[in-house]
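Any read-out appearing in this document is the output of simple, stated calculations on the displayed coordinates, not a laboratory observation. Fair warning: this is a prediction, and the values are worked out from it, not measured in the lab. Heads up, the Cβs are rebuilt from the backbone with ideal geometry, glycines too, and the neighbour counts pull from every protein chain shown.
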Amino acid sequence: MTIGITADYGFVSLVVVFTVLLNLHMGMRVVGYRKKYNVPYPNLYALESENKNAKRFNCIQRGHQNFLEFLPLFLSLLILGGLKHPRLAAGLGFGYLVARYFYFKGYSTGVPENRHKIGVSHYVFFFALIGCTISLSISLLADR
């Protein structure tokens with residue numbers, strides 16, 4: 001099997017750009033709330049014993065941190081799976097980002113359970129991207 005990048009792979013690269021923009025949005029929210037709730041650097045989280053807004057800030061910080069924890073996995077699956085299935089992978093990647101936005105938005109309320117209302121659907125998109133990458137792997141291995 002020969003892999004070439006088709007014009008449709010442009011959709012995958014757009015999703016990569018949207019990923020960067022969503023990450024910047026989340027990071028700016030964390031910085032804004034860090035200032036608002038007076039959580040000094042280098043503290044990653046606020047202490048509840050010292051800050052009455054600690055839970056809210058910590059939820060916002062944790063929402064972004066969770067996004068960052070999945071980021072290398074998501075991008076790897078998107079970029080690899082997109083080689084064989086560019087439109088499908090881009091659509092799944094975009095769905096993943098929308099779900100992640102709502103995950104972060106729900107978490108940012110200060111009620112951690114709110115992240116599950118819509119945001120938990122990011123797992124569906126994530127596992128579908130695994131399927132795209134497995135499909136690529138099988139195609140490559142079949143041509144040995």
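Length gain on complete extension for the stretch Leu44 to Glu113, per 0.36 nm per residue less the alpha carbon to alpha carbon distance?
Values: separation 69, 0.36 × 69 = 24.84 nm, distance 2.11 nm.
My answer for the length gained is 22.7 nm.
Would you mind putting 138-144, 70-76, 127-133, 43-49 in packing order, based on average other-beta-carbon counts within 10 Å, highest first?
On the way: 138-144: 9.7, 70-76: 14.3, 127-133: 18.1, 43-49: 12.6.
In descending order of packing, they fall as 127-133, 70-76, 43-49, 138-144.
R0 = 35 Å: FRET efficiency of Ile138 with Glu69, Cβ-based, nearest 0.05?
On the way: r = 28 Å, r/R0 = 0.79.
For Ile138 and Glu69, the calculated efficiency is 0.80.
Kyte-Doolittle cut-off 0.5, length cut-off 15 Å along the helix's own axis using Cα: show which whole DSSP H helices in the chain pass.
Numbers: long enough: 9-36 (41 Å, 0.90); 54-84 (45 Å, 0.45); 86-107 (31 Å, 0.37); 122-142 (30 Å, 1.88).
Correct list, ordered by number: 9-36, 122-142.
By the gyration tensor of its Cα atoms, with a ≥ b ≥ c the square roots of the eigenvalues, what is the shape of the range 1-53: rounded for a/c under 1.5, prolate for a/b over b/c, or oblate?
Judged from the Cα gyration tensor, the range 1-53 comes out prolate (a/c at least 1.5, a/b above b/c).
For the range 114-144 and the range 52-80, what is the separation of their C-alpha centers, rounded to whole Å?
Using only Cα atoms, the two centres lie 18 Å from each other.
Using only alpha carbon pairs under 8 Å that are at least six residues apart, calculate the relative contact order of the range 9-142 and give it in whole percent. Show your work: numbers first, answer last.
On the way: 161 pairs, mean separation 37.1, N = 134.
Relative contact order, the range 9-142: 28 percent.
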